[in-house]
Amino acid sequence: MVTVQPHVQSPFWDEANGGYWMLQNDGRWGSAVGDIAADGTFPMPSTPITLTATWAFTEAPAIKVEKDGSIQNAPTNGKEGDTVSYTAHYTLSLQNTGGEPLNQFTICDATLPPNAADIIAEIDGKPVTLGNPSYDAQTHTLTFTLPQELQQGETLVLSYSSSRTGTLGYKTQLTDESQADVTAVGTKTGVSALDDATLEMQVTLRNVIILTPADIVIYAGGDENGNNVAPGTDLPEPGFFVTLPLAAEQALRAATGDTEQVNLSSYLTFTDANENVWGLEPFCGEEYSKSDGHFLYRLVPVQVHDGQKKIEMQFYDEELGTQIRQSEFDITNALQQEYAMTIYPGEIPAVDPVAVLQTADQEIGKYGIDVSAGKLMIRGTTGSLDTQPVADAMPETQPEQISVYAFSDDTEYYINQSELKVQPKNVALLVDHIVSSVYDQTLQALASDVIDRIQVSPQKVLRYQFRYLDLVDTSMGNT
């Protein structure tokens, strides 16, 4: 008997095309005298024969995970530092964005109920039962199959509630944070697709609406130690998170029919006695304006008139103990510094500022306004700011400097782990030296170890570099 096996394992990853080649016929080879057994054995032929194998290509499996939810049944009062109990409702959306059906799922999420019967499951709005569910209480992991495969483009939605506890923070804010890590297995290749989603929900028990500037990190050119920037780096436009009172959030959802977080840009405005009116806009367009599942907004004037107050930020210098107005902020003295960032009240603070929450049919309520602090972090490069645009394809010749290219034409860019989308034309690679010589010594030690193991000839001239690399948004102050 003779045994034959394919010279490469099936499935075989094809990096150039972003998918897998699968051996067909249940892994069997064929020949002019018939198919070979599944285990690859066949009788020794009396004459030479040609073995054949059929391969098929499938795009790599992929899954997109999104998590949303709402806080329910929280107490109506309390003070900062109190531990409170509440109920949170969650929806976990698993969309098959890859090239093959998915059937086996593993979800790690501390908010999952131990009993799978408490989870409502739907595929594109049609109820489905989770098959063979198994829950590990120590790792908060649920595994299950589906009675039908999740086809390309379909979305599995899991809805459930969970009893939670939390500590009231600044201005009695109640924050619910969670993360879901999902693994799904392709039915053709047996290869796993991975994705995760984080969710942060906030309400306050006080009858105020809280604006919180999103943290900002920017890079600016400096000297060899990352200091003494040249003037000219613009600060990016700030984005704001909005925290509603619990009663207001629940009333808005009841009025709109929404069960999850509501985009407030159509319902919330800010005004004062001097007829200044501001509204909200999704920071990156309605579809791409969430960070950790929490909407991020621009604060924009609704009715521009003479004397309309401009939204301006201020920064608290802890070392000097003073507030610095944005228009007077000198970035040349700010490198490697962190500042608490809030809204500048102006020479004449707004008179009786009020937040108005209303739908097309009714006014839900008027609320006071509080502003909590975000962070501005300014980092300096070790020379002039060096960024390289993202190329459309791999260069045909050796580039003269470190560069980057997009793997495909439809590559999408997001800020950190958020859903805040960045236009490809604004994305660039920041390349910088490392300030501390300790890192260079570490690199040299690592390189020497590799050189010894692969036995490189001592006559060869070896060169290596240690660089800091980061993709930045050039339209927003290199954030």
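The values are calculated or read from the model by the stated rules, or taken from the named source; none is laboratory data. Bear in mind the structure is a predicted one, so any value in this text is a computation, not a measurement. Neighbour counts run over all protein chains shown; Cβ positions are idealised from the backbone, glycine included. Side chains included, ligands, DNA and RNA excluded: accessible areas come from the protein's heavy atoms. Shrake-Rupley method; radii C 1.70, N 1.55, O 1.52, S 1.80 Å.
A compact table of results
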item: Residue in the range 83-95 that is buried (at least 20 other Cβ atoms within 10 Å of the Cβ), within 20 Å of ARG164 (Cβ to Cβ) and of a type outside the set (A, V, I, L, M, F, W, C) present; result: yes
item: Residue check, ALA74 touching a helix residue (DSSP H, G or I) at 6+ places or on another chain (Cβ under 6 Å), on the phi < 0 side of the Ramachandran plot and open to solvent by 10 Å² or more (accessible area, probe 1.4 Å); result: yes
item: Where a residue in the range 298-316 is small (Gly, Ala, Ser) and its partner, wherever it lies, is open to solvent by less than 70 Å² (accessible area, probe 1.4 Å) and at pLDDT 75 or above, with Cβ under 9 Å and at least six apart; result: GLY307/ASN276
item: Qualifying residue in the range 244-267 (condition: at pLDDT below 75 and either open to solvent by 50 Å² or more (accessible area, probe 1.4 Å) or not in a helix (DSSP H, G or I) (or both)); result: no
item: Top-ranked residue in the range 352-366 [being assigned to a loop (DSSP other than H, G, I, E, B) and either polar (S, T, N, Q) or surrounded by fewer than 16 Cβ atoms within 10 Å (Cβ to Cβ) (or both); ranked as modelled with the lowest pLDDT]; result: ASP352
item: Single condition ALA214 does not satisfy, out of (1) at pLDDT 90 or above; (2) crowded, with 18+ Cβ neighbours inside 10 Å; result: (1)
item: Test: residue in the range 139-154 that is modelled with pLDDT of 95 or more, buried (at least 17 other Cβ atoms within 10 Å of the Cβ), of a type in the set (A, V, I, L, M) and under 20 Å from the mean Cα position of the chain (by Cα); result: no
item: Among residues of the range 1-42, those that are under 37 Å from the mean Cα position of the chain (by Cα) and either at pLDDT below 70 or among the aliphatic types (A, V, I, L, M) (or both), counted; result: 5
item: Residue among TYR297, TYR316 that alone is surrounded by 18 or more Cβ atoms within 10 Å (Cβ to Cβ), within 29 Å of the chain's Cα centre (by Cα) and either acidic (Asp, Glu) or at pLDDT 70 or above (or both); result: TYR297
item: Within the range 94-138, tally of residues that are within 24 Å of the chain's Cα centre (by Cα) and over 26 Å from GLY190 (Cα atoms); result: 2
item: Single condition PRO45 does not satisfy, out of (1) open to solvent by 40 Å² or more (accessible area, probe 1.4 Å); (2) at pLDDT 90 or above; (3) not β-branched (Val, Ile, Thr); result: (2)
item: Any chance LYS79 is modelled with pLDDT under 95 and under 21 Å from the mean Cα position of the chain (by Cα); result: no
item: Leading residue by the ranking (nearest to the chain's Cα centre (by Cα)) among those in the range 319-351 that are surrounded by 14 or more Cβ atoms within 10 Å (Cβ to Cβ), assigned to a helix (DSSP H, G or I) and modelled with pLDDT under 70; result: ILE331
item: Complete set of residues in the range 98-121 that are exposed (fewer than 15 other Cβ atoms within 10 Å of the Cβ) and either closer than 30 Å to ASN17 by Cβ or among the charged types (D, E, K, R) (or both); result: ASP118
item: Of all residues making up the range 155-182, the number that are within 30 Å of PHE57 (Cβ to Cβ) and surrounded by fewer than 18 Cβ atoms within 10 Å (Cβ to Cβ); result: 2
item: Subset of the range 122-138 [within 30 Å of GLY19 (Cβ to Cβ), free of Cβ contacts under 8 Å to residues at least 24 places away in the same chain and open to solvent by 70 Å² or more (accessible area, probe 1.4 Å)]; result: LYS126, ASN132
item: Flag if SER178 is modelled with pLDDT of 95 or more and within 30 Å of ASP82 (Cβ to Cβ); result: no
item: Subset of the range 281-294 that is in contact (Cβ under 8 Å) with a residue 40 or more places away in the chain and not charged (D, E, K, R) - its residue that is surrounded by the fewest Cβ atoms within 10 Å (Cβ to Cβ); result: GLY285
item: Subset of the range 63-93 (residues that are over 30 Å from GLY186 (Cβ atoms), out of contact with any Phe, Trp or Tyr (no Cβ under 7 Å at 6 or more places or on another chain) and of a type in the set (D, E, K, R)); result: LYS79, ASP82
